[in-house]
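Comments concern the structure below.
The values are calculated or read from the model by the stated rules, or taken from the named source; none is laboratory data. Quick caveat: nothing in here was measured; it's all calculated off a predicted structure. As a convention, Cβ positions derive from the backbone with ideal geometry for all residues, glycine included, and neighbour counts pool all protein chains shown. Heads up: the accessible areas ignore ligands, DNA and RNA and are worked out on the full protein's heavy atoms, side chains in. Shrake-Rupley method; radii C 1.70, N 1.55, O 1.52, S 1.80 Å.
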Amino acid sequence: MYRVILFFVGFNCLGDICFAQDSITTNDVKVIKAKSEIIIGRYFNNLLNTISYAGAESTDIKELINQSFKNSAKQLFLNDQIAITDDISDPDYSGSSNAPEVPVIQYLNAFNTFYGKTDSNSVFFTDVRSSPVKRGKKNIFINVYFTSFFKNICLSHPSTPYKPTKRIAEIFIKRSNKNKWLLYISRIGFFNPADTLNDYSDDIVVAVAKNPSEESSERLDETLDSADKFNLYIDQARLEEKKRNYQTAINLYSRAIELEPEKGEIFEARLKELNTSFKILADLEEKYRAGDYKDAIKGYSELLKKPELNANYSNSDYYLGRAKCFDKLGQLTRSYNEQVKDYNDALKDYAKSYEYDSDNLETIRCRADLNSRMNR
């Protein structure tokens with residue numbers, strides 16, 4: 001039940017922000033875009049991870065699913081019949097051409113049935129970004145693009161792993177009777193780049209505030225929203241850590257601490273660790289970017305001489321770095337035998353990297369890319 005409660009903390013303030021009634025301002029757009037990305041990157045992601053949590057009771061999951069589309073402060077979807085293109089019941093579903101659209105209630109129940117359960121997060125959303133705010137026939141909306149990856153198995157096809165897929169979510173936007181923004185997911189499907197060729201054609205006109213005092217009056221209440229901003233920065237920082245973008249993670253943690261300095265002690269130790277890791281890896285990353293792969297391999301091998309003295313995430317980084325070097329050597333060599341050897345060495349190191357940190361998204365991505373190039 002603890003995980004179920006976690007999912008909804010802070011959700012009731014997701015869309016309740018007051019704005020001018022006659023137009024969409026630049027500040028409106030900023031808040032709508034940020035909130036839409038939170039809906040997908042945090043709340044929808046957390047919903048799926050909570051459903052797939054091995055310790056969740058079936059009655060709690062059922063209640064959680066029902067609450068996600070009921071008319072309440074905990075509502076996530078516009079209603080229980082909005083369409084979601086199936087990417088769960090069959091790992092081979094990779095595009096709208098071969099996957100059916102189903103109502104959200106059917107999708108969530110299928111996720112609960114077909115997706116394997118574990119004690120840790122196994123659903124990851126990356127590259128979350130929003131479009132400009134759009135004007136539809138009856139309402140305004142915004143699209144959110146993201147990459148979805150399911151780490152656990154599909155129980156109906158256990159021998160076929162899920163692959164990362166590009167997805168798009170349409171977010172319905174309206175003002176409440178109290179002149180507050182409300183945002184709900186109205187559709188989720190596979191992303192098709194062709195769909196964005198004329199993506200600008202229905203962009204809503206953005207009004208510029210007439211004077212500084214008007215702009216100031218429309219700004220988000222810092223006291224009301226600081227906790228939400230803080231959590232957003234922390235969530236983004238942790239995601240960047242998993243992607244091994246340490247400098248970006250450091251900047252996000254720092255911005256979060258600036259918002260709530262009293263919580264700084266919680267993250268200061270992690271900031272020091274990240275800064276240390278960034279400095280250690282910087283030189284070897286520079287050698288990799290310069291094409292000095294063999295020298296970089298020597299450096300990573302030196303760091304791995306005594307792996308028991310390193311933190312797990314550090315060993316994961318070192319194996320990942322060395323694997324990427326072997327991978328590049330395999331791509332560059334003209335010898336078939338050398339390529340096979342380099343690729344196999346890379347795969348071994350990717351496997352060790354994943355063994356030390358199964359949340360290392362860069363390892364997952366690179367290994368999947370190499371397997372694809374090897375037609376595996």
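Counting 0.36 nm for each residue step from Ser358 to Ser301 and taking away their Cα separation leaves a gain of 18.4 nm. Here the stretch 59-106 has 45 percent of its accessible surface on carbon and sulfur atoms, given a 1.4 Å probe and all protein chains in place.
Taking each of Lys70/Lys180; Lys279/Lys305; Lys294/Lys341; Lys166/Lys341; Lys151/Lys229 in turn, the alpha-carbon distance tops 21 angstrom for Lys166/Lys341; Lys151/Lys229.
In this structure the stretch 235-308 gives 61 Å² per residue of accessible area when probed at 1.4 Å with all protein chains present. Using a probe of 1.4 Å on the protein chains alone, the accessible area found for Glu262 is around 140 Å². Label-to-label distance for Glu63 and Glu273 is 3.4 nm, based on points extended 7 Å past Cα in the beta-carbon direction.
Measuring only protein heavy atoms, the 1.4 Å probe finds Thr59 accessible over about 100 Å². For Lys242, the solvent-accessible surface with a 1.4 Å probe is about 50 Å², rounded to the nearest 10. Packing here is the average count of other Cβ atoms within 10 Å per residue, and on that basis the peptides 175-185, 77-87, highest first, run 77-87, 175-185. Potential lengthening of the chain between Lys263 and Gln339 amounts to 22.4 nm, from the contour at 0.36 nm per residue minus the alpha-carbon distance. Ranking Ile188, Ile266, Ile280 from most to least accessible surface, computed with a 1.4 Å probe over the protein chains only, gives Ile266, Ile280, Ile188. Taken one residue at a time, the phi angles of the stretch 105-118 give Karplus couplings (6.51, -1.76, 1.60, θ = phi - 60°) of 5, 6, 5, 5, 5, 5, 4, 5, 8, 9, 8, x, 10, 9 Hz. Gly and Pro are set to x. A straight chain from His157 to Lys174 at 0.36 nm per residue would run longer than the Cα-Cα distance by 2.1 nm. Of the accessible area of the stretch 229-306, computed with a 1.4 Å probe over protein heavy atoms only, carbon and sulfur atoms account for 49 percent.
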